[in-house]
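Worksheet for the structure shown next.
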Amino acid sequence: MPDITREKMDQIAQMWNARGKGLINHMALEIEEVSTEGVRVRMPFNPDFCVDRDQTLLHGGILTALLDSVFGLANFIAIQGVSTMATLDLRVDYLRPVHSRADIFVRANCYRQTRHIAFNSGNIWFDGHEDEEIARGSASFALTRGETSLFDAETREK
């Protein structure tokens, strides 16, 4: 895959943010790093996502939704001409309790693709503790390619 230009990174970020709805918007995700190796995204701490009285235990479903969304971003970066995608399979291994009030990071990459399927892997950790994974995931996505790709349409217009 060719190097990613700043312009392309900005376009992908705008498209990804524009498509975000509901929970994903509430997560207030921030794209920290984009490269041909994958993406790193920050999710600021949000007490609404906690399930305990002290508001330090993050609900596992949030981690699953976070991985799913960031895998989608990694696919848009790695694969040209994707118009839509659907999660076929998503597996998350929860490696330790998610007790903290720190921001969360997720790193994801698309490590293989065929014409119709993309395969991803990723991991999650708390800010300042990159060496202590709290979850790890993998997924596969069905891809639809074509002229309806928002990114491709915006690129052609320029």
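The values are calculated or read from the model by the stated rules, or taken from the named source; none is laboratory data. Here the structure is a predicted model, which means the values were calculated and not measured. As a convention, Cβ positions derive from the backbone with ideal geometry for all residues, glycine included, and neighbour counts pool all protein chains shown.
Miscellaneous remarks
- In the range 110-121 there is no residue matching the filter, namely being crowded, with 16+ Cβ neighbours inside 10 Å, farther than 14 Å from residue 27 by Cβ and of a type in the set (D, E, K, R).
- Of all residues in the range 41-52 being charged (D, E, K, R) and at pLDDT 90 or above, the one that is nearest to residue 94 (Cα to Cα): 42
- Of all the residues in the range 120-139, those that are of a type outside the set (A, V, I, L, M) and within 13 Å of the chain's Cα centre (by Cα) number 7.
- Residue 56 passes every criterion in (1) more than 21 Å from residue 141 (Cα to Cα); (2) surrounded by 21 or more Cβ atoms within 10 Å (Cβ to Cβ) apart from (2).
- For the range 123-158, the candidate set comprises residues that are at pLDDT below 85 and surrounded by 16 or more Cβ atoms within 10 Å (Cβ to Cβ); within that set, the residue that is nearest to residue 93 (Cα to Cα) is 145.
- Of residues in the range 1-40 being farther than 30 Å from residue 97 by Cα and part of a loop (DSSP other than H, G, I, E, B), the one modelled with the highest pLDDT: 36
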